[in-house]
Amino acid sequence: MVDCFDEIWSLLKMNQNRVTLRAFHFPYPCVLISGPCCHVRVVQQALTSALASLTSQTLVLDGPGVQRYFQTEGKVSKELVESSYNVLIREQQDAYSPDVKIKSPSVSSPISSIKPRPSFTRWCGNPVGSTAVNKTSLEIKLGSLEDEQVNVLVVPMIKRQLTFTKIGQCLLSKAGNRIKVHFALMASKCPPHPGDVLQIDGPPSLGCSKIFFIECLPWDGVRGKSVEALNKGLKRCLELCVQQGFSSVAFPVIGPGIVLKYPLREAIEVLTENIRQFGLSAASGSLSTIHIVIKPGYPDSEECYHDVYRHLSLNMNQRGQAIFRSLTTDLDDITITVGGGIKLQVVFGDITNETTDAVVNTTDFVHFRRDGVCKDILTKAGPQVEAILKSTKVKQGAVVRTPPGLFPCEALLHVCGKKNAGIIEQLVCRIIQDCETFGYKSVAIPAICAGAGGMDPGVVASAILRGVNTATSSAPLFYLTDIRLVLIKINVFLEFKEEATQMFSTAVVNRVTVPQLPQVQQQPPRSLNADLSSLHVSSMNQQSIFLFLGICSKTVVDAMAKLKDLYQAQCSSETFSKEQLESLTQDDIKDLNQLMETEGLYMKRDWGGQGSLMVTGLKDGVNQVIQMINAAVHGNLRREVRIKEEEDLYNRVAWCILGSNGNWERLPKTANHNLEKNDIAGGIMDAQGTKWSVDPQRTKAQRQVTGQTAELKRLQNLPDFTLPLNWDNMAAGGDMKMVALQPSSAEYRSVKEAFKRTVHKTVMKIERVQNVHQRRAYEARKKQISDKNAQRGGAGEKLLYHGTTQDNCDSILKTGFNRSFAGQNATAYGHGTYFAVNASYSAHPTYSRPAADGSQLMFVARVLTGLYTQGQSSMRVPPPLNDQQPHDRYDSVVDKLDNPSMYVVFHDNQAYPDYLITFK
């Protein structure tokens with residue numbers, strides 16, 4: 001009463017000007033009356049009587065936001081009650097009433113204090129329906145396993161013997177007896193069985209923490225114990241890396257060699273399939289890098305590299321979605337900026353695939369048909385170019401320029417290095433000068449004299465690079481911008497790479513890798529729903545206490561009733577169903593909790609009933625909650641509609657982006673929808689979480705961070721057939737199409753490189769076969785065999801070769817491979833259709849009969865080998881797997897079980913002609 005004595009004095013209406021009244025807390029609550037003695041006594045008596053007649057009562061209001069209301073919007077209303085009923089109203093805070101946070105009144109909208117809800121575009125940020133990306137990167141390394149700097153080395157062993165394999169001998173040679181002692185100790189403690197993994201600590205002389213030894217068995221066929229043991233061991237090694245928290249591991253290609261005797265292809269398939277399965281599991285844990293190590297210098301090193309790269313490239317994506325972060329190799333291009341800003345590239349590849357303005361041919365101008373670069377270039381260019389060279393007199397050190405013939409360039413530049421480093425260096429200078437003279441912007445140069453010339457690759461590399469350095473730094477170049485050194489042999493490329501990195505400090509490996517990837521959601525957006533238990537549900541009701549003071553009881557009671565009515569008129573309550581709450585995201589929950597606290601709202605959850613939520617408080621606050629939850633519900637409905645639209649469109653249209661490995665990758669459903677609707681202002685996100693800007697024509701995409709560009713394409717699926725991602729669109733109503741591959745495309749290079757591994761003839765043309773009816777039937781057969789062999793290796797799809805003639809080619813293109821023609825060439829292993837593992841077999845004139853111009857034809861076919869057994873000439877169908885189930889048959893037969901070079905199928909839809917190669 002001391003604090004509000006002035007208001008009480010006004011309430012009592014005691015006008016007294018002859019005395020002075022002052023209220024004090026100390027030494028005890030009191031009122032000091034000063035003035036003439038007679039007036040003091042009168043006032044004292046009157047004041048004592050008036051105070052004694054005052055009525056005071058306490059009003060307890062149950063509900064949230066009472067004090068907040070009467071301190072802000074309801075303050076004027078409270079003051080009107082005081083003046084109308086001649087009472088004083090003072091607020092008290094009960095122990096049950098929480099601290100009230102007051103915000104200043106605002107003219108903004110009712111929800112202006114709420115953090116904005118995530119807009120719909122936020123839900124488009126993460127691709128819907130895409131695969132969770134494994135964070136592991138794959139690297140193909142060329143070198144020795146014992147030189148790898150990784151956490152774990154994986155090594156084969158036989159019968160617990162360290163030195164039975166070449167790799168084991170190399171490890172012992174580098175690490176010394178220490179590894180031998182550790183190995184013997186662990187092997188004696190735990191004798192391994194086939195497929196078991198023996199672990200030892202890596203000695204200091206090796207750059208690893210652990211060595212995992214897999215107990216292996218010599219090759220006994222695809223379905224033998226050896227493959228079973230190797231599969232078990234490889235899988236276990238990857239599991240151990242994850243369990244023990246290692247970040248890197250190096251595998252050799254286990255199997256080929258004089259001890260285990262695996263066919264190279266089978267060994268590579270076992271290794272890469274285990275890596276693929278690991279990628280699909282998305283359980284990489286800490287394992288960020290897997291090295292596959294290939295030893296260079298062996299006769300099959302190139303074949304091994306190409307096969308490993310091909311398998312891993314195919315494994316990078318599953319149904320168009322990426323499952324690994326990146327694939328890089330020691331044979332990735334080297335890019336160097338030399339004098340005048342000229343771009344020099346050291347490239348591992350085939351020069352006949354180049355599309356530069358000028359292409360250099362290395363020759364002795366005598367033996368034009370000797371195997372090597374010259375033969376390949378002239379075969380592709382045609383006989384007219386060879387005729388020109390034969391009639392030309394060439395001076396030493398000259399560069400002979402001829403028309404390109406059929407070669408896709410502006411000119412061919414022919415040189416003879418005379419197996420002399422000095423001459424080679426001078427020739428390179430003249431080549432660059434000629435390019436400048438004739439206005440060529442780009443040139444491709446092979447390793448002059450390092451192939452058929454027999455010169456040391458290191459000497460050739462040094463000479464060519466010196467020539468490039470001299471020519472580009474001695475005078476300004478106005479036309480030439482790109483120089484490509486194209487090298488077809490691994491050892492030659494590695495020598496050039498070594499020389500280039502030493503000679504030029506600006507040498508950069510041109511690797512296109514994926515950045516740190518966000519985890520892309522695979523589930524529908526409902527997985528984004530928040531945990532509703534994180535809502536700050538009130539545990540007890542809120543009470544606000546008001547002290548009323550008046551002259552009579554009636555006015556006090558009436559004022560209390562009026563104040564209560566004012567509060568209740570401003571209160572509301574709303575119940576939200578479980579279905580409405582399920583639309584909330586975690587961000588919505590945070591916003592809702594903040595709103596509850598700011599607005600002083602009361603929240604109660606119906607845990608035992610329907611899972612509903614009741615929110616009580618001032619109308620403004622409750623209305624904001626209603627708006628928030630309604631917005632969440634509507635946003636969820638929009639998302640569901642969007643998801644349905646995306647799903648429907650995804651079945652009809654496939655937008656694809658060309659990956660860094662040359663394979664087309666299908667974009668996620670959200671990006672697919674945005675591209676189709678031309679909603680590309682904000683860019684798109686690929687399956688790996690990388691953001692790309694898109695050009696208005698939607699044919700190119702540019703990575704927003706690095707500026708890297710990639711091609712886009714749109715495929716229109718048929719109602720009953722989904723086009724393979726590497727296909728082109730089919731014409732309306734069309735079911736057959738031949739597509740000539742561009743020599744510069746990764747698809748062309750992949751097919752050509754596989755062919756050239758065993759065939760030394762020149763590829764003239766490669767065409768992709770797009771036959772809808774055949775491919776549809778093939779895919780149906782593939783699913784049938786996959787389901788039948790689900791626990792026995794699946795469909796066993798392989799890329800094999802089939803030589804043909806022009807007449808038979810036309811028939812195969814129209815109707816497929818037909819067993820009824822069996823016997824035209826051979827039936828040694830059954831009356832079916834024959835396919836070779838190596839192109840060299842099918843290239844024989846017996847099977848690929850030359851045309852009048854000397855050209856030959858060969859199909860690269862997809863063949864479902866499934867479960868196979870030894871073929872016999874009398875077979876018209878594969879034999880049963882066992883006599884008790886005569887209808888459960890093998891899927892194909894082979895010429896020899898231990899290392900097949902020929903597969904025979906007896907079902908017309910079991911093979912599909914994927915590519916047609918024309919060669920000469």
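Laboratory data are not the source of any read-out in this text; all were calculated from the coordinates shown. No experiment lies behind these values; they were computed from the predicted model shown. Here the Cβ positions follow ideal geometry from the backbone for every residue, glycine too, while neighbour counts run over all protein chains shown.
With r defined as the distance between the Cβ atoms of Asn678 and His634 and R0 fixed at 25 Å, what FRET efficiency is calculated, to the nearest 0.05?
0.50
Roughly speaking, what is the stretch gain from Ala398 to Ala46, that is 0.36 nm per residue apart minus the C-alpha to C-alpha distance, in nm to one decimal?
113.6 nm is the gain from fully extending Ala398 to Ala46.
If R₀ is 22 angstrom, what is the calculated FRET efficiency for the pair Ser786 and Glu273, using the beta carbon separation as r and rounding to 0.05?
It comes to 0.95.
Please list log₁₀ I(q)/I(0) at q = 0.08, 0.10 Å⁻¹ for the chain, using the Debye equation with identical point scatterers on the alpha-carbon positions.
-0.89, -1.25
Show log10 I(q)/I(0) for region 649-716 at q = 0.19 Å⁻¹, two decimals, from a solvent-free Debye sum over equal Cα scatterers.
For region 649-716 at q = 0.19 Å⁻¹, log10 I(q)/I(0) is -0.64.
From the P(r) of region 1-53, could you give the percentage of C-alpha pairs in the tail past 17 Å?
The calculated P(r) of region 1-53 puts 32 percent of pairs beyond 17 Å.
Under 21 Å between C-alpha atoms is the cut-off here; go through region 546-695 and count lysine pairs that meet it, provided they're at least eight residues apart or on different chains.
For region 546-695, qualifying lysine pairs total 14.
Can you give the direction-averaged projected area of the convex hull of the alpha-carbon atoms in region 736-919, in nm²?
10.7
How large is the direction-averaged shadow of the alpha-carbon convex hull of region 334-509, in nm²?
Dividing the Cα hull surface by four gives the mean projection, 8.7 nm².
Roughly how many debye, to the nearest 20, is the charge dipole of region 736-919 about its Cα centre, given +1 on each Lys and Arg Cβ, -1 on each Asp and Glu Cβ, and no other charges? Mind dumping the intermediate values first?
Working: 23 positive and 16 negative charges, 68 e Å.
Magnitude of the dipole: close to 320 debye.
Taking 0.36 nm per residue of separation and subtracting the Cα-Cα distance, what length does fully extending Ser577 through Lys814 add?
Difference between extended and current length: 79.2 nm.
Of Lys141/Lys782; Lys380/Lys782; Lys441/Lys497, which sit over 28 Å apart, Cα to Cα?
Pairs exceeding the cut-off: Lys141/Lys782; Lys380/Lys782.
How do the peptides 289-302, 183-196 rank, highest first, by the average count of neighbouring beta carbon atoms within 10 Å per residue?
Numbers: 289-302: 17.8, 183-196: 14.4.
Peptide ranking by packing, descending: 289-302, 183-196.
Excluding same-chain residues fewer than 8 positions from Lys419, which lysines have a Cα within less than 19 Å of its Cα?
Straight-line reach from Lys419, under 19 Å: Lys375, Lys395, Lys489.
With both bridge residues required to lie in the chain, what share of the DSSP beta bridges run antiparallel, to the nearest 5%?
Values: 99 of 142 bridges.
Bridges in the chain are about 70 percent antiparallel.
Return the sequence-ordered ³J(HN,Hα) values of region 177-188 in whole Hz as given by the Karplus equation 6.51 cos²θ - 1.76 cosθ + 1.60 applied to θ = phi - 60°, using x for Gly and Pro.
Whole-Hz 3J(HN,Hα) from phi for region 177-188: 5, 4, 5, 5, 5, 4, 5, 4, 5, 5, 5, 6.
Could you work out the local net charge near Val633, counting Lys and Arg as +1, Asp and Glu as -1, over the other residues with Cβ closer than 11 Å to its Cβ?
Around Val633, the charge tally is -2.
Taking the Cα centre of the chain as origin, sum charge times position over the Cβ atoms of Lys and Arg (+1) and Asp and Glu (-1), and report the length of that vector in debye to the nearest 20.
Using Cβ point charges on Lys, Arg, Asp and Glu, the chain gives about 980 debye.
Test of understanding: extend the Cα→C-beta vector of Ser288 to 7 Å, then name every residue of region 677-697 with backbone N under 20 Å from that spot.
Only 688-691 pass the distance filter.
Would you list which aspartates and glutamates come within 19 Å of Lys189, measuring only between C-alpha atoms, while excluding same-chain residues fewer than 8 positions from it?
List returned: Asp201, Glu215.
If r is the Cβ-Cβ distance from Glu797 to Asn623 and R0 is 45 Å, what FRET efficiency results, to the nearest 0.05?
Details: r = 62 Å, r/R0 = 1.38.
Using R0 = 45 Å, I get an efficiency of 0.15.
Which of the listed residues, Ala23, Ile33, Ile8, is farthest toward the dipole's positive end in region 1-77, when Lys, Arg count +1 and Asp, Glu count -1 at the beta-carbon?
My answer, from the dipole projection, is Ile33.
Expected output is a single nm value to one decimal: the length gained when fully extending between Ser874 and Asp888, i.e. 0.36 nm times separation in residues minus the C-alpha distance. What is it?
Here the answer is 3.1 nm.
Given points 7 Å out from each Cα along the Cα-Cβ axis, report the Arg714 to Phe438 separation in nanometres with one decimal.
4.2
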